[in-house]
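Each value in this text was obtained by applying a stated rule to the coordinates, not by laboratory testing. Just so we're clear, the structure is a prediction, and the values are computed from it rather than from any experiment. Reconstructed Cβ throughout: ideal geometry from the backbone, glycine too, with neighbour counts over all protein chains shown.
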Amino acid sequence: MTHDHNAIVDLVELLLRVAKAENDAAETEVRVDLRLAAADLDGDNGLSFNVAVQKMWISLDLSGLTISPGARHGEPTKPNQVDVERTTKTENVVEKQAHAGLNLRLDPKAFVGDGSIEGGAKHNSAGKRTVSETASEKSPHIRVKARGGNRWEIAEADGELLDGTYLSNDLLCRVVATAGANSQIVELCAYAKQKDIVLKATRNGTRIPFLTNNHEKMLKILIAKAISASGSSYAGTIAFSKSEGEIEK
Amino acid sequence: MKNNIDLNDVVSTDTLRLAQKFLAFEEGNFGAQAKFLGLDPKKDFQHADLRGVDFSDTNLGGFNFRGADLRGATGVNVKWDATTILDGAETADSLFSFEQARRKIFAEKPKLAEQVQRLKDNHWTNAILGVADLLDSRKVDADSLWVAKTLFEERDELSVRSNILFFMAPVVDDPEEHKGFIYNIFARHSHQPNIVKSALRTLSALYSGDMGAVNVLASYLDHSDIEVRDTALRGILSSPFFMQVRDRILKFMIASGDADLRRTFVARAARHMGPTYVQACLDPQTKGFADFKEVVSSRRLTRVAEVWLRKEKFLRIADQSPRPTMSLENSLKLKEAEIQERAANYLDALMHMRDVLKIPFVFEDD
């Protein structure tokens with residue numbers, strides 16, 4: 001049985017489902033829906049704040065359970081083998097030594113005329129080899145990425161705002177009971193740090209420029225704190241949603 | 001946690017009204033703004049986005065910036081101490097970056113603290129010689145720079161501090177670290193004009209191509225010390241971002257008593273506008289750029305027109321092959337109508353600069 005508490009459903013919706021795995025009776029599947037969108041906050045005289053999220057976290061708290069190995073959604077596993085590109089560059093440097101003993105180093109590319117050097121100067125050509133190595137690795141961006149501490153980070157590749165369904169009854173992980181546990185409870189929380197909230201102020205649909213950069217940052221803190229609705233216990237993070245499910249034995 | 005409610009139900013009407021009032025709140029001081037909004041320094045700034053914030057004239061003692069993004073945050077006359085929590089905060093290129101890095105390095109290398117102590121205990125002349133030796137370009141390393149920077153904080157004498165800045169400028173190799181050191185100076189020593197001037201000069205010389213540095217220079221434009229103001233103005237005038245901050249510096253340019261600065265301002269603006277404007281802004285007497293406080297007379301514009309027309313004609317003749325047979329003097333003669341037409345063009349150009357860029361040129365007929 002699961003209970004979903006979505007504080008601001010027009011911004012974030014998190015739904016949790018737990019059910020026994022079909023192919024292994026000892027395992028339980030944790031499936032999740034996660035929907036995100038920007039939402040408007042309307043004030044007096046046509047003032048409106050558009051609130052969106054740039055990065056969100058979901059964290060899983062398990063009681064009497066542990067995550068099965070290799071069963072996490074969005075594991076950013078690095079390939080063990082990486083292509084290394086090696087380039088070798090050879091430069092020829094011509095040195096000219098004047099009679100007075102002054103050493104002049106000349107770039108051969110500068111000789112666009114007849115290429116002659118003043119009589120009396122002795123010159124020699126020396127090779128200089130530069131070797132550079134570049135490790136190249138292409139990896140796709142993982143929108144819902146497994147992180148340490150039973151957490152998942154949700155972000156777009158280029159810092160774009162989160163908008164859309166990021167998990168649709170997807171298997172977040174599989175869990176197994178720990179020995180001797182009295183109860184088996186799964187708790188899932190979706191939260192964002194206030195620095196990852198994006199705020200746009202408009203009046204009658206027209207963007208309002210902030211007086212200073214300080215104004216913009218301060219207002220963001222005020223609105224983030226108000227959204228969190230946690231009052232004096234506010235600590236810079238906003239819990240948007242909490243779901244819990246108990247696994248029946 | 002309440003369930004399935006709309007964003008408008010979560011945020012109270014009072015908060016929205018406060019937000020509305022704040023949008024028109026003209027105070028830019030960080031501390032005053034926090035107070036206006038009723039924010040709690042101990043809790044509300046954790047994980048906050050404070051990138052590029054100006055902390056000028058604020059005591060940050062007791063502020064908790066845990067996990068906050070403070071990159072590029074600067075300020076003048078900023079107080080902060082051990083009660084300012086910066087755990088997990090991103091502080092690159094900010095006024096905090098120097099102190100954070102310094103604490104880390106000194107914890108790892110206690111011998112550096114002993115070296116600082118020795119220089120601190122020396123007579124100031126020996127301290128300067130010690131710094132000169134430390135920052136000798138042939139043997140300077142990262143540790144020596146940290147010792148010099150820390151000594152800057154520990155010694156009160158102006159001469160020692162100025163010398164440290166002087167010796168340090170040519171040997172720094174990490175611009176972010178160096179900027180962090182300079183921002184730290186602004187935050188902690190803004191009441192010492194000579195130190196501020198040295199730091200402003202260093203910032204202008206090395207980082208005028210950095211918008212964050214230009215913003216810091218701009219924050220000194222209303223400083224009580226005229227030399228500090230002019231040093232900041234000079235730095236902005238040398239910046240590639242000059243046109244972006246032009247409106248911000250205009251009133252300070254107008255108030256400046258330094259004719260050279262005003263001429264440099266005209267030069268930068270004219271170069272941005274194009275060759276005709278550069279020509280129009282010539283001061284035939286000084287052969288440099290005009291001072292916008294001097295009256296633009298028709299006589300001056302005629303003289304400027306003659307100078308440029310003659311120069312153009314000379315260049316055309318010099319390009320001709322074979323050489324013309326008539327004498328150079330005859331060749332360079334100009335028609336009066338041609339001069340007057342060019343002078344009228346220059347008058348239009350200067351008026352356009354006054355209208356568009358708000359440079360207060362004074363015209364004879366005004």
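Assorted remarks:
- Centre separation in Å (Cα based) which lies between the stretch B:117-180 and the stretch B:263-284: 41
- Of the trypsin sites (Lys or Arg not before Pro) found in the stretch B:37-134, those in coil by DSSP whose Cβ has at most 14 other Cβ atoms within 10 Å are B:42.
- Those lysines that a straight Cα-Cα span of less than 18 Å connects to residue B:335, excepting residues fewer than 8 apart in one chain: B:311, B:313
- Neighbouring partner chain Cβ atoms per residue of A:233-239, average, 10 Å criterion: 4
- Which of B:228, A:142, B:340, positive extreme of dipole for the protein assembly as shown (C-beta unit charges): B:340
- Look at the dipole of the protein assembly as shown built from charges on Cβ: of B:128, B:89, A:208, the Cα furthest out on the positive end belongs to B:128.
- Eligible aspartates and glutamates near residue A:225 by straight Cα distance, threshold 17 Å, same-chain separation 8 or greater: A:40, A:42, A:196, A:216, B:6, B:9, B:14, B:40, B:44, B:49, B:69
- J(HN,Hα) series, the stretch B:354-361, from Karplus relation 6.51 cos²θ - 1.76 cosθ + 1.60, nearest Hz, glycine and proline x: 5, 6, 7, 9, 6, 6, x, 4
- Exceeding the 27 Å Cα-Cα cut-off - candidates A:217/B:43; B:43/B:79; B:42/B:111; A:55/B:21; A:55/B:104: B:42/B:111; A:55/B:21; A:55/B:104
- Note on chain B: GNM, Cα springs under 10 Å; of B:23, B:233, B:217, the largest mean-square fluctuation is that of B:23.
- Taking the stretch B:176-280 and dividing mean pair separation by its residue count, relative contact order in percent (alpha carbons under 8 Å, at least six apart): 20
- Vicinal HN-Hα couplings computed from phi for the stretch B:128-135 (Karplus, 6.51 cos²θ - 1.76 cosθ + 1.60; Hz; Gly/Pro x): 5, 4, x, 5, 4, 5, 4, 9
- Within-13-Å neighbourhood charge of residue A:232 [Cβ basis; K, R +1; D, E -1]: +1
- Average beta-carbon neighbours from other chains, 10 Å sphere, peptide A:203-213: 3
- Listed by chain and number, the lysines placed with their C-alpha closer than 23 angstrom to that of residue B:358 are B:251, B:293; residues fewer than eight positions away on the same chain are left out.
- Given chain B, longest segment not containing exposed loop GluC sites (Glu not before Pro) (DSSP; at most 14 other Cβ within 10 Å): B:158-363
- Gaussian network model of chain B, springs between alpha carbon atoms under 10 Å - residue of B:167, B:96, B:181 with greatest fluctuation: B:167
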